[in-house]
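The values are calculated or read from the model by the stated rules, or taken from the named source; none is laboratory data. Only a predicted model underlies this, so the values are computations on that prediction, with no experimental measurement involved. Please note: Cβ atoms are built from the backbone with ideal geometry, for glycine as well, and neighbour counts cover all protein chains shown.
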Amino acid sequence: MDQHSQKIHAISQGGAVAAEAAPEQKITAFDFRKPGQTPGSHMRAIDALKQKFLHRVVSSLSAYLRSSVTAQLLTVDHLSYAEFLRGLPSPTCVVSVGMQPYEGNAVLELNPSLIFPIIEILLGGNGKPGAAANREITEIEQNVLDGLFHIILQALSESWKDVVPVTLTIESVGKEARLIHAPHEPMVTMSFDIKLEEGGGQMNLAVPTEILTMQGEDDAQSAPRKVEASEAEQARIVDLLREAKFTLEANLAGPMLRVRDLLELKEGNVLTFDHPIEQPLDGLLNGKRKFAGQIVSTGKKKAFQIE
């Protein structure tokens, strides 16, 4: 074999060895339905946010409950809103959080295993979870928890300053989270494990990816566009609202009296309402002024005619 042939033979053998030594590459299928990913710079900002939030929420809750509280981050993920909802227990406690000046809302969820021990502590108990921990919270319990919600939002607001400037407000508290976002909307979700002296549970936070990607952009360009719901989505929302109940009241404002004068009222006394007959009355829908109208009779019943 001549010198030229030997070189070709050596190169051929070396190439075969190199091919055999190369590690086998793994092929992963790409899911086009997966929500858009957040850029690396914004993920670093989210990392800073979660660390500051953990520190602040543990400090604030420990002082508020006068009890030992620890917390750790479990996961940070990119999910569609429908996927986020599938991971929540039922029933649970859901808080819709407004994020002015942006259109989107964050969603804060607290598991019953966390909520009910906190209620026990706030009402003077030892915080041990009871047998009825897997139920919906009552309106009275919701009022007891208002302070807790504001403490969490305050900690989140202080931590958020380095990501995007927002003002966080509680818009609603309940168990129904389906109507807050469209099922396909991409979200950045964070799950936290909160430990109390007795019991504890998970707290989950979901924020629209669009808001988190506004960091460093001009305000004029950063405000998310308001997307109109499709006809099918509007029909779904209307269908869910059909069974909703509300209270309608018609109030006639009366005079202001001192307690002394009220106690001295006797049969035959006349009180002036100072409300002209021609002036319409207020029609209140769930306590908020919605209509104007007059009191009328319909058969043997009184009615409110909307003007």
Scope the stretch 164-197; condition among the charged types (D, E, K, R), at pLDDT 80 or above and part of a loop (DSSP other than H, G, I, E, B); matching residues: GLU185, GLU197
Residue list for the stretch 62-97, filter: touching a Pro at 6+ places or on another chain (Cβ under 9 Å) and among the polar types (S, T, N, Q): SER80, THR92
Qualifying residue in the stretch 267-287 (condition: without any contact (Cβ under 8 Å) to a residue 24 or more places away in the chain, of a type outside the set (Phe, Trp, Tyr), more than 30 Å from PRO183 (Cα to Cα) and not in a loop (DSSP other than H, G, I, E, B)): no
Qualifying residue in the stretch 286-297 (condition: more than 10 Å from ALA250 (Cα to Cα), of a type in the set (Gly, Ala, Ser) and at pLDDT 85 or above): no
Which numbered condition ASP261 misses (of (1) assigned to a helix (DSSP H, G or I); (2) surrounded by fewer than 10 Cβ atoms within 10 Å (Cβ to Cβ); (3) at pLDDT 80 or above): (2)
Residue check, GLU83 farther than 28 Å from GLU198 by Cα, at pLDDT 85 or above and not in a strand (DSSP E or B): yes
Sole exception among (1) at pLDDT below 80; (2) under 13 Å from the mean Cα position of the chain (by Cα) for LYS161, by number: (2)
